[in-house]
1. Taking +1 at the Cβ of each Lys and Arg and -1 at the Cβ of each Asp and Glu, which of 189, 224, 141 sits farthest along the dipole of segment 107-240 towards its positive end, judged by Cα position relative to the Cα centre?
2. What's the local net charge at residue 69, with K and R +1, D and E -1, over the other residues with C-beta under 9 Å away?
3. Considering amide H positions built from the backbone, and no H for Pro or chain starts, which residues 5 or more places from residue 181, or on another chain, come under 5 Å of its amide H?
4. Quick check for me: using +1 on Lys/Arg Cβ and -1 on Asp/Glu Cβ, what's the dipole size of segment 129-188 about its Cα centre, in debye to the nearest 20?
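What follows is calculated from the coordinates using simple rules that are stated; it is not laboratory data. What you see is a predicted model, and the numbers here were worked out from it, not measured in a lab. As a convention, Cβ positions derive from the backbone with ideal geometry for all residues, glycine included, and neighbour counts pool all protein chains shown.
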Amino acid sequence: MKPSRLPLKSHIGDPSPLINVRFRQHRTRNQIVARRMSLIGALITSLALLVSTPGVANADQFRNNQWVFGSIEREFIDFLSGANQYGQGGTSSIGEPTSGELYAGNSNEGRWQEFGFTNRIYWSPNVDPNKGRQIGGLIMNKWLNLPSRQYRTYVNGPYQYEKRSDERGRLGYPVTRESPASGGRYNNFQGGAITYKFGATSAYATWGNIRDQWAAQNYELGPLGFPSSDEYLCQDGTTSNDGYESYGAPDRTSRTASI
């Protein structure tokens, strides 16, 4: 008599112990991976908050898909006031960064970065190793576009050329951010200043002995008022300092300071 065979059982809905073990192992691995991804996500979120939170000491800013670093970032933080200089809403009074950090100066010793609302921040180790300076609007436009000029070092001598625009020119780097004047705005530079009167269509640069005379008469509060022209060479000027400049005096008459 042959031994009877046990009836076959269907595995549908009745997985074997081996399949159950494998299923549990797979589910456990998925849970571990999910937990790790959750922890990594939380860490990334924390780092993002650290680098983008205004005012955090030594934290670089990542805003508008641009990084703002170090000395430029310190100046930028000061402008995170919620409204720009025109009273419009925004996250910064000079707008968000619109470029990365770029080289400045004849030997790339400095740095600059562009921001919204027609602003830049420039940094030079010779001005302040720890902080940049903001410049914007019509003042920045004048600084970037002061034309080069020619002059002679002696009568009938060969012409010399002087570059006057941007940080490589006569004025050098800004040493102040844009600041209020009486009825206008100004930036001081290593080699002079640029001043803007409210309602004017241009800002104007002053330097050297002409600026010294203007300063001695109390700048825009004195009898000369605001500058109404850039400096021009006298017809027979033999140095880059031989010039004159027009001013719009408070009584609306035109006056001239010269050397």
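1. Looking along the dipole axis, the top candidate is 141.
2. Numbers: positive: 111; negative: 60, 73, 101.
Summing Lys and Arg as +1 and Asp and Glu as -1 gives -2.
3. Result for residue 181 returns 186.
4. Details: 11 positive and 4 negative charges, 7 e Å.
Magnitude of the dipole: close to 40 debye.
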